[in-house]
Amino acid sequence: MDTSASTTLGLAPSARTSVRRTLEICAFACLLVVNWILAAEIPSQIFSYTSLLLLVWMALLLIRLHPRAAILALPLLITRGATLISLVFIEAGSAMPEIGRSGAAGDASASFTAFTTLLFLVFALVFAAGERAVLSSARSPLLDRIVAMSRWPIIGLCVALGLMAVAQGLHTGFPVFEHIDRFYYRRFYGHGIVLTLLDNKFLLGAALGSVAFGLTSPRLTRAAAICTLVGLLGTFFLFGDKFFTLLTMATYFLMPYLLRNEQALLKTFAKGWLVATLALGGVFGATLYIYSDYGDAPLSVGMTKLGDRIAGQGELWFVATQDDRRLLAYDPNMVRNYATSLNAEDPAASDFETGVETFFFINRYTPQPLRQSFHRNQGWVQLTMGSEALALAGFGYAGVALLMVVSGLVAAVPALYLRRAFASEFPLSIVMALWMSLQAYELLQQGAVWAIFARGQLRRFLVFVVFEVVLFGFNRAQQGGRATSGEPARIVVA
């Protein structure tokens, strides 16, 4: 019996449960609107905390209503959660040196939660509509043999890359010990193997996860993949990667396991809360120590610096909600500059030159000395989480709502591809699907339209489609023409 049959026979909610969930969704929607109205009319820091609670509620609703969609959306949830935590700090008054402003109470957290909910609503609807179709003929006997033969080479590649990166770190010094900014290190020292490893950590995490939690992976192979992942996480920490970046890599690693244990998703999180809390506390302590000049400065100085650093994740949305509070707007220059980048040979360089993506806010707000530093870096370093803020500055709140609808669709398509890839366990499919997902996140976070819609990117996506169509035909032929779900019978719930 496949997953769909088990859902029909044993997992369909009762009428009473359906009514209860409908009432819960309606109550959530009402509270979302009330929270935004109150935050706008009577600004108070308390609404940043209520917004955080509403985001947690939304995530739990998504997990309960469509756990597989929630699993594939975990990186987005982590990013949006980190941004909302940043907005909590901002609305508590944290400084934002990159844009020369200080935070204050407002409706930034409340509005961000509302638009984030719209994003995940569209994501879940599109994912639910397409999931059954993408799982058709995801596996075949010959493909399973190829997957089995690829497991140890994947582990060996990851171990080799990690050891070479450690060797280079021992030679040049690790950023976390040498008091070197990670971006500076990546630009001037992080060449070759190190840069390859740092830039592809999510791909490696997903590939190792498929090895560790493969259906037929032997125990020794699973243990080796898990140990390799732990070693890589430690290596990335030495090279200065942020906690949420490492958490996202671990999330991609765990996705195959969670997809095969979807009904235990909430239980898995409940069991892992203590470990997560201890890890978060350890990382927070280490980060605070670094921001306190490695113990040379008072703890209060470290806390102030850390608060200012955390504020960087949500500062663009905050400043946009302060200065661009319009329902409707239209910025022809922004439209023209984005059109130019889509036709440019180097779209990323074009965005830097014309001042779109987060460079729009650098040119608009950043104090002059820091702005000169951004320009000297030639786009190597930029601000983050600018998509919603760009939409608000250029097209008003209606533009943000439209962006969230489009973003939900853009994020769901590669998530469906990744769902199929994890079901097949084929490494090349996993790498292509995850690379496509990362391009979608580049659009969702940085406002980089070219990452999805530039001609070169569209050609790459077309190659992926052709490859998967050929693989589908190959698997279908192996199955004698029978269309089968890529999901094995072990998911059946009694």
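Details
- Simple label model, 7 Å out from Cα along Cβ direction - ARG145 to ASP199, nm: 3.7
- Accessible surface, per residue, of the range 67-154 when the full set of protein chains is kept, probe 1.4 Å, Å²: 31
- Shape call, the range 369-441: gyration tensor on alpha carbons, a/c limit 1.5: oblate
- Between the range 24-101 and the range 390-415, the C-alpha centres lie 17 angstrom from each other.
- Orientation-averaged projection of the range 357-397 equals 2.8 nm² [convex hull of Cα atoms, one quarter of hull surface area].
- Per residue, the range 313-365 exposes 47 Å² of solvent-accessible protein surface, assessed with a 1.4 angstrom probe and all protein chains in place.
- Cα gyration tensor shape for the range 35-150, rounded if a/c is under 1.5, else prolate or oblate: prolate
- Prolate/oblate/rounded label for the range 315-391 (Cα gyration tensor, a/c 1.5): oblate
- Sequence-distant residues sharing a close amide H with MET96 (under 5 Å, placed H): ARG101, SER102, GLY103
- Kirkwood-type radius of the range 323-447, with distances r between different C-alpha atoms, in Å: 16.0
- Using 0.36 nm per residue and subtracting the Cα-Cα separation, the extra length available between ARG364 and TRP380 on full extension is 3.9 nm.
- Once the Cβ-Cβ distance of HIS171 and VAL466 is raised to the sixth power relative to R0 = 30 Å, the FRET efficiency obtained is 0.10.
- Vicinal HN-Hα couplings computed from phi for the range 348-359 (Karplus, 6.51 cos²θ - 1.76 cosθ + 1.60; Hz; Gly/Pro x): 5, 5, 5, 4, 5, 5, 8, x, 10, 6, 6, 5
- For the range 381-489, projected area of the alpha-carbon convex hull averaged over all directions, nm²: 8.9
- Averaging the Cα positions of each part gives two centres, and for the range 449-470 and the range 125-156 these lie 20 Å apart.
- Take the Cβ atoms of VAL19 and GLU345, set R0 to 60 Å, and the FRET efficiency comes out at 0.60.
- In the complete set of protein chains, residue-level accessible area for ILE193 is approximately 50 Å², probe 1.4 angstrom.
The values are calculated or read from the model by the stated rules, or taken from the named source; none is laboratory data. All figures in this text were calculated on a predicted structure; none of them were measured in a lab. Because the Cβ atoms are built from the backbone with ideal geometry, glycine has one as well, and the counts that use them run over all protein chains shown. For accessibility, only protein heavy atoms count, side chains too; no ligands or nucleic acids. Shrake-Rupley method; radii C 1.70, N 1.55, O 1.52, S 1.80 Å.
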